[in-house]
Amino acid sequence: MIDPTHRELSITRQCRLVSIARSSYYYEGRGESSLNLQLMRRIDEQFLETPFYGSRQMVRWLRRQGYNVGRKRVRRLMRRLGLQAVYQRPKTSKPNPAHKIYPYLLRNLEITRPKQVWCADVTYIPLQRGFLYLVAVMDWASRKVLSWRLSDTLDASFCVEALEEAIACYGTPEIFNTDQGSQFTCFEFLEVLRRASIRISMDGKGRTGSEARDGIDWWIRFYKWVSQYFTFVCR
C-alpha cells in the first residue's frame, strides 16, 4: 500500500491517507526466537504422530523431551502452526426413547475369529469450515475396517449404507454390536440386520464407552489426521 518511490506523495502523506502510523510502516517484526522455532518443529513432528494432542498433552510431551515450557507458549505456537487437536466434540450417540433397545450379548464372550462379531461407531471430524460425521464398521476379531461413510448430518442413512456395503462385500457376522445411538436403533438399520439373521447387541445405557470405540480408535484417529491434512493443503 505504501510506495516509497512515489514522486508526488511522501511516505508520511501516504501513511495518513491509509490511516496508519508512520512508525508502523518502518516497524520490522522480530520473528520467533531460535528456541520457539525449535519447539515449533518438534510440535509439528509430534502432531503428525498424535493429531489428537491438544496444548495440555503437547506440553506434557515436550516436558518429557526436556523442554521446560508452559501451556500459553505451546498454545500460541500451535496456533501459529495452524494445529488444532482432533477429537470427538458433539454427542454422536443420542438415544431415541421410542426405539427398541436390544440386550448386550458380548459380556464374557470370547471373540476369537472373523465374522463372529462386527461393530460400528460414529465419530466427529472437524474441518476448516464445519464438520463431518464418520461411521465405520469393523470386524472385532481382526480389527479390519470393513466399510465407512461420511455425512454432514446424523441421519441414519449413511450408517445403513455402510452396513449394507460391509454385508455385500464380506457376508454376515453372527453378532453386530453398537451403542444405543438413534442411528443404530432406528427401523432401517435394524431391519438390515434382521433380514440377514444377524443377532443384535447393544451396549448398556450406563456404559462409559463401548469396546467398539476402543477397537476403531486408532483407525479413527488416523482418518481424522488425513482429513485435517487435506483440509490444510486445500485451503
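Just so it is clear, none of the values below were taken in a lab; they were calculated from the coordinates. Given the structure is predicted, the values throughout are model-derived calculations rather than measurements. Backbone-built Cβ (ideal geometry, glycine too); neighbour counts: all protein chains shown.
For this structure, a couple of remarks:
- Distance between the 7 Å Cα→Cβ label points at Gln65 and Ser197: 5.6 nm.
- Estimated FRET transfer efficiency (Ile101, Leu48; beta-carbon r; R0 30 Å; 0.05): 0.15
- Segment Arg80-Asn108, length gained on full extension (0.36 nm per residue, minus Cα span): 5.2 nm
- Sites Glu32 and Thr5, calculated FRET efficiency, Cβ-Cβ separation with R0 35 Å, nearest 0.05: 0.65
- Amide H within-cut-off set for His99, under 5 Å, with H built and near neighbours excluded: none
- Multiplying the residue separation of Arg73 and Tyr170 by 0.36 nm and subtracting their alpha-carbon distance yields 30.0 nm.
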